[in-house]
Amino acid sequence: MSYAIIRTGGKQFRVSPGDVVRVPTLADKNEGDAVEFNEVLAAGDGNGVRLGAPTVSGAVVTGTVVKNGRGPKIIVFKFKRRKQYKRTKGHRQNYTAVKIESIA
C-alpha cells in the first residue's frame, strides 16, 4: 500500500491511489482535467517512508478532477449578551474533488 502526504491550498492531505480527496478549489480546472501535485511532503510504501526537507525531490502525485462543488452551509453567529447585538451569516466553502491516479 503506497501513500503520500501532499500540500495544496495551504492544507495537507494523506492520499493513496484510488482515493477521492476534496481539496480547496483548484483554479481553471474542470471535470475530467488532469492534475499534478508537486509538493509531496512524504511518500511511503511497504518498504519504508521517504520524508522531504521540505519536499521529496522528484515525487509527483497525479489525479483527475471528478467534481467542482460547494460544501455544506456553515452558520456563523455572533452574539454579545445584554447589548442587543446579534449577527447571523452563512458560508459555503468551494472545493474540487480529485481522484488520485498514481504516486511516482
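Determine the dipole magnitude for the chain: charges of +1 sit on the beta-carbon of Lys and Arg, -1 on that of Asp and Glu, nothing else is charged, the reference point is the Cα centre, and the result goes in debye to the nearest 20.
It works out to roughly 1680 debye.
What are the ³J(HN,Hα) values, in whole Hz, obtained from phi via the Karplus relation 6.51 cos²θ - 1.76 cosθ + 1.60 with θ = phi - 60°, for each residue of the stretch 25-35 in sequence order, with x given for Gly and Pro?
3, 8, 5, 6, 10, 10, 4, x, 6, 7, 10
Restricting attention to the stretch 19-88, which trypsin sites (Lys or Arg not before Pro) occupy a DSSP loop and are surrounded by at most 10 other Cβ atoms within 10 Å?
Listed in order of number, the matching sites are Lys73, Arg81, Arg82, Lys83.
If you average the sequence gap of Cα pairs under 8 Å that are 6 or more apart and divide by the length of the stretch 3-103, what percent do you get for the contact order?
For the stretch 3-103, the relative contact order is 33 percent.
Per residue, how big is the convex hull around the C-alpha atoms of the chain? Give it to me in cubic angstrom, could you?
Cα-based convex hull of the chain, divided per residue, equals 139 Å³.
If Lys and Arg each add +1 and Asp and Glu each add -1, what is the summed charge of the other residues whose beta carbon sits under 13 Å from the beta carbon of Lys73?
Once positives and negatives cancel, what remains is +3.
Projecting each Cα onto the charge dipole of the stretch 3-103 (Lys/Arg +1, Asp/Glu -1 at the beta carbon, about the Cα centre), which of Tyr85, Ser16, Ser102 comes out farthest on the positive side?
So the residue we want is Tyr85.
Would you list, by chain and number, the lysines whose Cα falls below 17 Å from the Cα of Lys29, excluding same-chain residues fewer than 8 positions away?
Leaving aside lysines fewer than 8 places away in the same chain, those within reach of Lys29 are Lys67, Lys99.
Mind checking which lysines have their Cα closer than 29 Å to the Cα of Lys80? Skip sequence neighbours fewer than 8 apart in that chain.
Straight-line reach from Lys80, under 29 Å: Lys89.
Stretch Gln93-Arg14 to full length: gain in nm at 0.36 nm per residue minus the Cα-Cα span?
26.4 nm
Every read-out reported here was derived from the displayed coordinates using simple, explicitly stated rules and does not represent laboratory data. Since the structure is predicted, the reported quantities are computational estimates derived from the model, not experimental observations. Counting neighbours? That spans all protein chains shown, and the Cβs are built from the backbone with ideal geometry, glycine included.
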